[in-house]
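Notes to accompany the following structure.
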Amino acid sequence: MLGFLSARQAGLDDPLRLRRAESTRRVLSLTLNPDRDVDRIHGNGINTIDIDAIEGRYMLSGGADGVIVIYDLENHSGKQQYTCSPVRTVGRSSRHVHKFSVETVQWYPYDTGMFVSSSFDKTMKVWDTETLKPAEMFEFEDNVYSHHLSPIARKHGLIAVGTKNPKIQLCDLKSGSRIHVLQGHRAEVLSVRWSPRYEYILATASADSKVNVWDVRRASGSLFTLDQHNGEKSKASSQTVNTAHNGRVNGLCYTADGLYLLTTGTDDRMRLWNSATGENTLVNYGKVCNESRKQLQFTVSRGCSPEFVFVPCGSSVAVYALHTGELITMLRGHYNNVDCCEFHPDFQELYSGGKDGNLLAWVPVVRTADVEEVSNGENKFPWISAPGFGPWSAGWGGAGLRQGGHSPRLLGCGPALLEGLASWTALWPCGGATRTLA
């Protein structure tokens, strides 16, 4: 801990290195939180969840019962044990509720005043959060599997929609109409995802085993199709040429920087691709159990070094190292298959939903204080008890350890002193709560 602070104070380290190191530690210690419950509202399985990117406070969930719930994740009780309660619900009694299973929900990227949902009732609805009434509704000829709004778009308001029809629909929020169709798949489109790096780049995954990458400004077809064999025809049979998987491709997820694209398929494989060239990086994640016939929602961490992938795997959530494929751990807590998970980058927490109808919160283990004492009970670090030294805190706003917002002056601070301080505990604010660091 002190090594990070000293290097930062001396200007030897990236200012974000300590933050990345602590974020990584927190992700590696994720466990099911016994003190936080999420109210069970859905009568059937939970297909999709989304946490707003503006405040990081509100979570949407959509279920197989057609119900949509908005949860407040903030602890208002001030107690260690609390329940995340719904603040708004589009229940079965609402005349605006989806008639069949809700497949995707997503907050509007720039404002929590609006969100979008799509369903097997062949509709996609744009909701006013305040009134819980649809401000706009798009109707399709087939079941809707997936939709996605660009998280960075400033020059367009397009929603990409994947349906049972092989054609990808582009709907314009500004005009309220379907303005364009992308043709290139031969089976239903199970997942669509805009790039977080380039606002006009779109990836689509289909039951035809293919993943296409599009520039929606072009009218001449897709930019390229992902090939699991990287163009080496000697390794590919005639059936697997230009295919991303050997089965249905039902999951897409970009890394936060948009440099890589992850795909999952019913061939029980997950693959990592260079999003610019379409090259298969050949990272081996092993067998990733995937029996879903619909979209599988998985997620990638943000702010860690290295980054991690969280992917539903049966009744568990598997955690992999992004670039090595190493299986880090399996998060077990659901009683049935997990269909969706979402990472909360502000607190390094994970939320998952499954066919058991439960929403589970996975949180980091809090670091406990580790004060070393000599066997005879004397203080091993007498300088800590010096006049004017109280509880120590390290803040992001300044270098080194601080007391009351001002850096204490350590006279005669030599290597021995620094070595002693290294095993002391520094308290620092992270994500609005006080965390402890050894």
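The values are calculated or read from the model by the stated rules, or taken from the named source; none is laboratory data. Everything numeric here is computed off the predicted structure, so don't read it as measured data. FYI the Cβ positions are ideal-geometry reconstructions off the backbone, even for glycines, and counts take in every protein chain you see. For accessibility, only protein heavy atoms count, side chains too; no ligands or nucleic acids. Shrake-Rupley method; radii C 1.70, N 1.55, O 1.52, S 1.80 Å.
Side notes on the structure shown:
- Per-region count, the stretch 305-345, residues touching a strand residue (DSSP E or B) at 6+ places or on another chain (Cβ under 7 Å) and surrounded by fewer than 17 Cβ atoms within 10 Å (Cβ to Cβ): 9
- Against the conditions (1) without any contact (Cβ under 8 Å) to a residue 60 or more places away in the chain; (2) touching a Ser or Thr at 6+ places or on another chain (Cβ under 6 Å), T48 satisfies every one except (1).
- Of the criteria (1) of a type in the set (K, R); (2) assigned to a strand (DSSP E or B); (3) without any contact (Cβ under 8 Å) to a residue 40 or more places away in the chain, which one R218 fails: (2)
- Among (1) exposed (fewer than 15 other Cβ atoms within 10 Å of the Cβ); (2) touching a residue at least 24 places away in the same chain (Cβ under 8 Å), the one test that R26 misses: (1)
- Enumeration of residues in the stretch 62-78 that are open to solvent by 20 Å² or more (accessible area, probe 1.4 Å) and touching a Ser or Thr at 6+ places or on another chain (Cβ under 7 Å): A64
- The stretch 197-218, residues that are of a type in the set (K, R) and buried (at least 17 other Cβ atoms within 10 Å of the Cβ): K210
- Filtered residue count, the stretch 170-196, keeping only those that are in contact with a Gly (Cβ under 8 Å, 6 or more places away or on another chain) and open to solvent by 10 Å² or more (accessible area, probe 1.4 Å): 7
- Restricting attention to the stretch 23-42, the residues that are out of contact with any strand residue (DSSP E or B) (no Cβ under 6 Å at 6 or more places or on another chain) and either of a type in the set (S, T, Y) or at pLDDT below 90 (or both) total 6.
- V181, sole failed condition from (1) closer than 22 Å to M137 by Cβ; (2) part of a loop (DSSP other than H, G, I, E, B); (3) over 28 Å from the mean Cα position of the chain (by Cα): (2)
- Candidates in the stretch 105-123 are the residues that are open to solvent by less than 10 Å² (accessible area, probe 1.4 Å) and under 17 Å from K164 (Cβ atoms); of these, the one that is farthest from the chain's Cα centre (by Cα) is S119.
- One residue stands out among those in the stretch 1-23 that are under 28 Å from V309 (Cβ atoms) and small (G, A, S): the one that is least open to solvent (accessible area, probe 1.4 Å), which is S23.
- Looking across the stretch 33-54 at every residue that is under 17 Å from the mean Cα position of the chain (by Cα) and open to solvent by 30 Å² or more (accessible area, probe 1.4 Å), the one that is nearest to P345 (Cα to Cα) is identified as A53.
- Test: residue in the stretch 281-298 that is open to solvent by less than 20 Å² (accessible area, probe 1.4 Å), over 22 Å from N336 (Cα atoms), at pLDDT 95 or above and not hydroxyl-bearing (S, T, Y): no
- Selection count where residues are under 11 Å from the mean Cα position of the chain (by Cα) and either assigned to a strand (DSSP E or B) or of a type in the set (V, I, T) (or both), scope the stretch 301-351: 12
- Selection count where residues are of a type outside the set (A, V, I, L, M, F, W, C) and open to solvent by less than 60 Å² (accessible area, probe 1.4 Å), scope the stretch 152-168: 6
- Selection within the stretch 114-142 - more than 21 Å from W194 (Cα to Cα), not basic (K, R) and not in a strand (DSSP E or B): F120, D121, T129, E130, T131, L132, E141, D142
- Counted residues, the stretch 124-150 - those being open to solvent by 60 Å² or more (accessible area, probe 1.4 Å) and either of a type in the set (S, T, N, Q) or touching a residue at least 60 places away in the same chain (Cβ under 8 Å) (or both): 1
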